[in-house]
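A.B. asks: There's a structure below that I have some questions on.
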2 protein chains.
Amino acid sequence: MKRPTIADIAKRAGVSKGAVSYALNGRPGVSAETRQRILAIAEEVGWQPNSAARALSGSMSNVVGLALCRPARVLGIEPFFMELISGLEAELSARDYGLTLQVVADAEAELAVHRRWWAERRVDGVLVCDLRVDDPRVPALEALGLPAVVIGGPTNTGALPSVWHDDARPLAETVEYLSALGHRRIAHVAGLPELLHTRVRTDAFHEVAARLELPEAETVSSDYTGEAGARITRRLLSSARRPTAILYDNDVMAIAGLGVAQEMRLDVPGDLSIVAWDDSPLCQLTHPALTALGRDIPAYGVIAAKRLLAAIAGEDVGDYRDLPAQLTTRGSTGAVRSRAGKVT
Amino acid sequence: MKRPTIADIAKRAGVSKGAVSYALNGRPGVSAETRQRILAIAEEVGWQPNSAARALSGSMSNVVGLALCRPARVLGIEPFFMELISGLEAELSARDYGLTLQVVADAEAELAVHRRWWAERRVDGVLVCDLRVDDPRVPALEALGLPAVVIGGPTNTGALPSVWHDDARPLAETVEYLSALGHRRIAHVAGLPELLHTRVRTDAFHEVAARLELPEAETVSSDYTGEAGARITRRLLSSARRPTAILYDNDVMAIAGLGVAQEMRLDVPGDLSIVAWDDSPLCQLTHPALTALGRDIPAYGVIAAKRLLAAIAGEDVGDYRDLPAQLTTRGSTGAVRSRAGKVT
DNA sequence: AACAGCTACTGAACCGGGTAAGTGAACCGA
DNA sequence: TCGGTTCACTTACCCGGTTCAGTAGCTGTT
């Protein structure tokens with residue numbers, strides 16, 4: 001019942017601790033015969049290395065950290081994080097790495113957690129989500145020398161490697177698609193304005209709006225909750241010159257927006273087209289189903305984990321550009337009705 | 001830049017390592033004056049205990065483990081797990097405990113993870129989710145002597161303490177409520193049949209159906225996905241004697257079911273009443289909004305964490321019964337239409 | 001003065017691995 | 001036959017804390 005140590009194995013094999021250590025780690029210094037004997041005993045007694053002892057002498061914890069700073073409600077309802085975690089986990093556990101998770105209140109708390117993890121040598125590296133426009137974590141992590149991979153970017157990441165994807169192009173393509181369907185008044189319900197990807201999307205939105213000469217393009221910030229999505233949609237649709245298409249920065253808000261439109265007796269897509277960013281299974285459950293910009297999030301997590309492990313191993317990891325989001329058209333988008341079109 | 005150790009502090013304070021250890025841990029053996037001096041130095045150099053060294057000598061890792069065995073898609077879309085994790089985390093981090101997460105493929109893999117964690121002394125205790133009817137993890141964890149708290153139960157948990165809530169009563173109340181609204185043909189779209197709570201709910205459903213003399217009460221198993229919910233709903237509503245009310249074991253299936261009903265031009269709640277188990281914000285985004293059985297999941301997580309920490313501390317922890325789910329009625333349930341009622 | 005009892009420490013062992021340096025025996029070439 | 005090399009180990013110490021057994025110095029008691 002007591003957990004065996006290498007000393008126990010050494011005693012049973014009639015060799016020293018050192019020999020056992022060499023044998024178990026596949027290092028030279030023991031004969032093939034002795035190695036076999038030691039491995040057999042280790043197997044028999046169910047030996048596993050004590051992680052603390054390994055971490056203490058090897059100065060590696062074989063753990064990476066992920067701190068999330070979103071309120072419980074949002075974390076729960078956003079499939080993104082769990083899908084990302086699934087992907088991270090798949091890669092980490094395949095390489096015998098653990099993942100520790102901490103939910104924090106804000107960016108300062110997250111930084112404090114990183115510092116503590118580092119000082120306590122609890123993790124070998126961290127993943128940084130929700131990159132902010134002027135993110136205090138980037139210079140702090142650089143100063144600490146704690147291996148880190150930023151999920152997002154690729155700008156504003158300092159010297160930290162990033163795993164990113166281009167949001168500007170898919171956004172432009174989506175607006176171009178809506179424009180081709182005849183939409184002239186398009187609104188963008190964006191996410192938290194302090195997040196970098198919100199900035200990227202918003203900038204791209206205004207740029208393409210200018211290019212396509214859509215002077216009434218409007219961006220509104222939100223907090224990703226369904227309530228915010230509903231409230232903003234209600235306001236947008238109540239205005240005299242209401243938009244004929246709305247692009248939401250997550251699926252929950254898009255679903256809420258669809259609900260508001262239906263409550264206001266607007267036909268989707270006849271009177272209003274809706275596009276969601278983040279194509280989770282939820283998008284297929286509504287009626288009409290939501291046209292959405294989707295990516296393979298677990299795969300993104302796998303890449304991020306691979307890169308972080310490489311960075312921990314001391315490799316010189318550069319930025320990695322993942323595939324951009326793909327627009328999947330479903331029932332929520334369509335051509336502008338002639339009447340609605342005429343108002344323009 | 002190099003992280004300070006107690007030896008560094010000892011040198012600067014002109015005392016021995018032991019004295020520093022006593023001072024930093026608030027134990028007797030040093031004068032108040034010396035203690036102050038040592039604490040000041042520790043503060044100044046930013047000392048934090050090396051977690052590996054502590055774990056090695058103290059034989060406590062200050063980490064608890066949570067293994068989840070659901071596919072990425074389901075994990076992402078079920079708010080339950082993230083909300084639970086938020087709650088767990090709130091309590092754990094307040095007590096300087098970490099949470100390690102692992103996503104696994106099946107119950108055997110989960111057990112293997114528990115064994116490894118135990119053998120490597122990586123965790124001080126584990127949380128067990130998704131209790132199965134005949135769960136191999138229970139006897140295995142008992143045999144290991146690894147502190148564990150089962151989230152679910154209270155039966156089939158052997159000698160392990162559980163944090164549970166009664167599903168039978170809320171289910172019965174829900175069926176009684178539907179019955180009072182005139183529903184006679186009620187279906188139950190249950191979750192994975194191997195999960196204990198599915199069994200509890202299903203048994204309760206048939207018991208109350210017998211009591212209320214609803215011979216056509218039917219339970220169908222599912223895998224919690226929206227696709228399953230849609231498929232089963234389509235089949236139920238296509239039958240000659242279709243149900244007038246359906247109770248779904250999670251919100252995603254309920255939303256999918258609502259979609260199918262609307263696609264089939266059935267009025268909700270006129271032709272069909274819908275109740276969802278798990279009241280996430282999603283339930284309020286549909287039209288009509290979903291009547292749902294909800295609980296405070298983060299609070300449940302806090303309790304589970306408290307209990308696990310108590311069990312780790314060697315306290316004799318008993319089962320804890322949390323509040324049962326509360327039915328929140330919204331637009332998706334209503335009285336049976338006379339025409340529909342007559343069919344009975 | 002002798003002794004007990006206390007405080008405030010010190011020194012060393014210990015947790016369970018990793019690893020550099022050292023050792024004895026076998027082997028090998030000149 | 002002897003020095004050099006390699007092999008297969010052993011020895012001993014390290015990682016950074018915790019903890020237990022001393023111990024020196026002071027106080028109080030009789």
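A.B. asks: Given the Cα-Cα distance of B:GLU216 and B:LYS2 and 0.36 nm per residue of separation, how much length would full extension add, in nm?
C.D. replies: Length gained between B:GLU216 and B:LYS2: 69.9 nm.
A.B. asks: Measure out, as a whole number of angstrom, how far apart the alpha-carbon centroids of the range B:12-50 and the range B:157-214 sit.
C.D. replies: 58 Å
A.B. asks: Please give me, ordered by residue number, the trypsin sites (Lys or Arg not before Pro) of the range A:1-71 that lie in loop per DSSP and have at most 16 other Cβ atoms within 10 Å.
C.D. replies: Of the trypsin sites (Lys or Arg not before Pro), the ones in loops of the range A:1-71 whose Cβ has at most 16 other Cβ atoms within 10 Å are A:LYS2.
A.B. asks: Taking the DSSP beta bridges in the protein assembly as shown as the whole, what percent of them are antiparallel, to the nearest 5?
C.D. replies: Taking every DSSP beta bridge with both residues in the protein assembly as shown, the antiparallel ones total about 15 percent.
A.B. asks: Continuing with this model, one more query. Kirkwood hydrodynamic radius (Cα pairs, Å) of the range B:228-344?
C.D. replies: About 15.9 Å, per the Kirkwood formula over Cα pairs.
A.B. asks: Please name which of A:LEU24, A:ILE38, A:ILE9 has its Cα lying farthest along the dipole of the range A:2-42 towards the positive end, using unit charges on Cβ (Lys, Arg +1; Asp, Glu -1) and the Cα centre as origin.
C.D. replies: Value: A:ILE9.
A.B. asks: Checking the cross-link filter: which aspartates and glutamates have an alpha carbon closer than 17 Å to that of A:LYS2, excluding same-chain neighbours under 8 positions apart?
C.D. replies: The reachable aspartates and glutamates, counting only those whose Cα sits under 17 Å from A:LYS2, are A:GLU43, A:GLU44, B:GLU120, B:ASP124, B:GLU142.
A.B. asks: Taking amide H positions as placed 1.01 Å from N in the peptide plane, with prolines and chain starts having none, which residues 5 or more places from A:GLN102, or on another chain, fall under 5 Å of its amide H?
C.D. replies: Amide H neighbours of A:GLN102, under 5 Å, 5+ apart: A:LEU66, A:ALA67, A:LEU68.
A.B. asks: Could you work out how much longer the chain between B:ALA168 and B:GLU207 gets when fully extended? Use 0.36 nm per residue separation minus the Cα distance between them, nm to one decimal.
C.D. replies: Extending this stretch completely gives an extra 13.1 nm.
A.B. asks: Distances from B:ARG211 to the same residue in each other copy, label points 7 Å out along Cα→Cβ, in nm, shortest first?
C.D. replies: Reported distances to equivalent positions: 6.5 nm.
A.B. asks: Which whole-Hz couplings ³J(HN,Hα) result when phi for each residue of the range A:78-93 is put into the Karplus expression 6.51 cos²θ - 1.76 cosθ + 1.60, θ = phi - 60°, listed in order with x for Gly and Pro?
C.D. replies: 8, x, 3, 5, 5, 5, 4, 4, 4, x, 4, 4, 4, 6, 5, 6
A.B. asks: Can you pull the one-decimal nm distance between simple spin-label points at A:GLU263 and A:GLU33, each 7 Å off the Cα toward Cβ?
C.D. replies: The answer from the label model is 8.2 nm.
A.B. asks: Quick check: the angle from helix B:251-263's long axis to the longest principal axis of chain B, C-alpha only, nearest 10 degrees?
C.D. replies: 30 degrees
A.B. asks: Another question about this same structure. Give the relative contact order (percent, whole number) for the range B:1-105; include only Cα pairs under 8 Å separated by 6+ residues.
C.D. replies: Here the relative contact order equals 23 percent.
A.B. asks: Taking the Cα centre of the protein assembly as shown as origin, sum charge times position over the Cβ atoms of Lys and Arg (+1) and Asp and Glu (-1), and report the length of that vector in debye to the nearest 20.
C.D. replies: Dipole of the protein assembly as shown, to the nearest 20 debye: 520 debye.
A.B. asks: Could you run the Karplus curve 6.51 cos²θ - 1.76 cosθ + 1.60 with θ = phi - 60° over the range B:30-35 and give me ³J(HN,Hα) per residue in whole Hz, x for Gly and Pro?
C.D. replies: Karplus values, whole Hz, x for Gly and Pro: 10, 6, 4, 5, 4, 4.
A.B. asks: Could you work out, for the range B:50-153, what percent of all Cα-Cα pairs fall into each 10 Å distance bin, beginning at 0 Å and stopping at the bin that holds the largest distance?
C.D. replies: Binned Cα distances yield the sequence 14, 47, 33, 7, 0.
A.B. asks: Sort shortest first the distances from B:LYS2 to its counterpart in every other copy, using label points 7 Å along the Cα-to-beta-carbon line, and give them in nm.
C.D. replies: 3.6
A.B. asks: With +1 on the Cβ of every Lys and Arg and -1 on the Cβ of every Asp and Glu, and nothing else charged, how large is the dipole of the range A:214-289 about its Cα centre, in debye rounded to the nearest 20?
C.D. replies: So the magnitude is around 340 debye.
A.B. asks: Go ahead and set up a Gaussian network model of chain A, Cα springs under 10 Å, then flag whichever of A:MET264, A:MET60, A:MET82 fluctuates most.
C.D. replies: Its mean-square fluctuation being the largest, the pick is A:MET264.
A.B. asks: One decimal, nm, shortest first: give the distances between the label point of A:ALA94 and those of the same position in the other copies, each label point 7 Å from Cα along Cα→Cβ.
C.D. replies: Label-point distances to the other copies, shortest first: 3.9 nm.
A.B. asks: A follow-up question, please. With point charges of +1 on the Cβ of Lys and Arg and -1 on the Cβ of Asp and Glu, referenced to the Cα centre of the protein assembly as shown, which listed residue (A:HIS206, B:PHE81, B:LEU160) lies farthest in the positive direction of the dipole?
C.D. replies: B:LEU160
A.B. asks: Could you list the GluC sites (Glu not before Pro) in the range A:155-236 that lie in coil according to DSSP, counting only those with at most 16 other Cβ atoms within 10 Å of their Cβ?
C.D. replies: Taking the range A:155-236 and a limit of 16 other Cβ atoms within 10 Å, the loop GluC sites (Glu not before Pro) found are A:GLU194, A:GLU213, A:GLU216.
A.B. asks: Given a Förster radius of 25 Å and the C-beta distance between A:ARG116 and B:ALA299 as r, what FRET efficiency does 1/(1 + (r/R0)^6) yield to the nearest 0.05?
C.D. replies: 0.45
A.B. asks: Convert each backbone phi in the range A:58-74 into a coupling constant with the Karplus relation 6.51 cos²θ - 1.76 cosθ + 1.60 (shift: θ = phi - 60°), then list the ³J(HN,Hα) values in order as whole Hz, x for Gly and Pro.
C.D. replies: Each residue's phi maps through the Karplus curve to give x, 6, 9, 9, 6, 9, 10, x, 9, 10, 10, 10, 9, x, 3, 4, 5 Hz.
A.B. asks: Rounded to the nearest 500, what is the 222 nm mean residue ellipticity of chain A from helices alone, with -39500 (n - 2.57) per DSSP H run of 4+ residues and division by all residues?
C.D. replies: Per the formula, -14000 deg cm²/dmol.
A.B. asks: If eta is 0.890 mPa s and T is 25 °C, what Stokes-Einstein diffusion coefficient results for the protein assembly as shown, Kirkwood Rh from Cα pairs, in µm²/s?
C.D. replies: 89 µm²/s
The numbers here are math on the coordinates, done by the rules we state, and not lab data. All of these numbers come straight from a predicted model, not from anything done at the bench. Backbone-built Cβ (ideal geometry, glycine too); neighbour counts: all protein chains shown.
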